[in-house]
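Derivation of every value follows stated rules applied to the coordinates shown; laboratory data play no part. Worth saying up front: this structure is predicted, and the values here are computed from it rather than measured. Because the Cβ atoms are built from the backbone with ideal geometry, glycine has one as well, and the counts that use them run over all protein chains shown.
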């Protein structure tokens, strides 16, 4: 059994009591760097940092091989139930997975933007491969009357590209967008812009809220 633990949006203040307890009692604590930075001070066992974009297979095989006799946890930024399905599926190939929910950046963003979940649509571009189907969904939703809370894809579909795509396909350039970067951390930023004003580089850890 491998525990898939949500460790919150970044600040240890948003780490749940159970998540902290599971990490502290684990023999192996694995994850990508942003998630491990949140829990490193609580980890007492072996810490395995998985390099970004380097492939996870060998690491997952190693962790699964130890899981029969040791307590192994895999840490996810935010909540594993939002935007982590591909990685969860990879872990499940090698061992059974139990999910321990966490607090997601989308929850923090919704609170700051004062938008209700029941009035909003959630879209994540944190996926590999083609984004065309998700982009079409975003476009259809952007022409509706519900708020959209979305996670850009860090390496090729960030806020500037998203804004350009929407405007090129008929969404008003005056549409209001709030962009949150590095939520709950010391370098947190937020900006209120229309689609036509969105330019430049943004943190990989960003959330967009398109308000209706």
Based on the alpha carbon coordinates of segment 2-100, what radius of gyration and maximum Cα-Cα distance (Dmax) apply, in Å?
11.9, 32
Testing the spin-label approximation: label points 7 Å from Cα along Cα→Cβ at residue 204 and residue 155. State their distance in nm.
0.9
Residue span residue 139 to residue 85: 0.36 nm per residue of separation minus Cα-Cα distance leaves a gain in nm of 17.2 nm
Isotropic mean projected area of the C-alpha convex hull, segment 148-191 (nm²):
3.6
Can you tell me the length gained on complete extension of the stretch residue 47 to residue 131, counting 0.36 nm per residue apart and subtracting the Cα distance?
27.0 nm
Rh (Kirkwood; distinct C-alpha pairs) - segment 105-210, Å:
13.8
What residues from segment 20-40 fall in the zone where the backbone N is under 19 Å from a label point 7 Å along the Cα-to-C-beta line of residue 122?
35
Give the residues of segment 64-102 whose amide nitrogen is closer than 17 Å to a point set 7 Å from the Cα of residue 18 in the direction of its Cβ.
72-82, 97-102
Just from the alpha-carbon atoms, what are the Rg and Dmax of the chain in angstroms?
18.0, 57
